[in-house]
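Participant: Handing you a structure now.
Please treat every number below as a calculation from the coordinates, not as lab data. Here the structure is a predicted model, which means the values were calculated and not measured. We place every Cβ from the backbone using ideal geometry, glycine too, and count neighbours over all the protein chains shown.
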Amino acid sequence: MAKAEPSAFVRHIQDELSDIGPVQIDRFFGGWAYLVADKRFAVNIKDRLYFRVDRALKDALVAEGCQPFSYAKGGKTVVVHRFYEAPQDCLDDRDALLHWANRALAAEDDDLR
């Protein structure tokens, strides 16, 4: 079985993030994780970008209208509060993408249940 290859969108985001350091990508469940110095700060699932958040970043992303990552399992919706979708406008604006990515990279581990 051939190893899964990242989509053009996954590679595009990796290239756009290059200013924050050498960005590695690795498989993450059904998608891809973005890492700098082995710290996972974002994931790409079904060509949707989500940032790993702490409370302050979560609040900022919610203020932008962003939703947490969720998926269906056993007839229920599971919400993952550790990852929030990137603001739509940052996908077309490299400076905005870098702003949010830097905040995600700097996010502290805290309890986000």
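Participant: P(r) for the chain, please, calculated from all Cα pair distances in 10 Å bins and given in %.
Facilitator: All Cα pairs considered, the percentages come to 14, 48, 31, 6, 0.
Participant: What list of ³J(HN,Hα) couplings, whole Hz, do you get for the stretch 92-107 from phi and the Karplus terms 6.51, -1.76, 1.60, once you set θ to phi - 60° and write x for glycine and proline?
Facilitator: Couplings: 10, 10, 4, 4, 5, 4, 5, 4, 5, 5, 4, 5, 5, 5, 8, 4 Hz.
Participant: Report the local net charge at R11: Lys and Arg +1, Asp and Glu -1, summed over other residues whose C-beta lies under 13 Å from its C-beta.
Facilitator: Neighbourhood net charge equals -4.
Participant: Which Cα, out of H81, V23, L35, lies furthest along the positive dipole direction of the stretch 8-106 (beta carbon charges, K/R +1, D/E -1)?
Facilitator: Toward the positive end, the furthest listed residue is H81.
Participant: By the scheme Lys and Arg +1, Asp and Glu -1, what is the net charge of all other residues having a beta-carbon under 14 Å from that of F28?
Facilitator: With Lys, Arg at +1 and Asp, Glu at -1, the net is +4.
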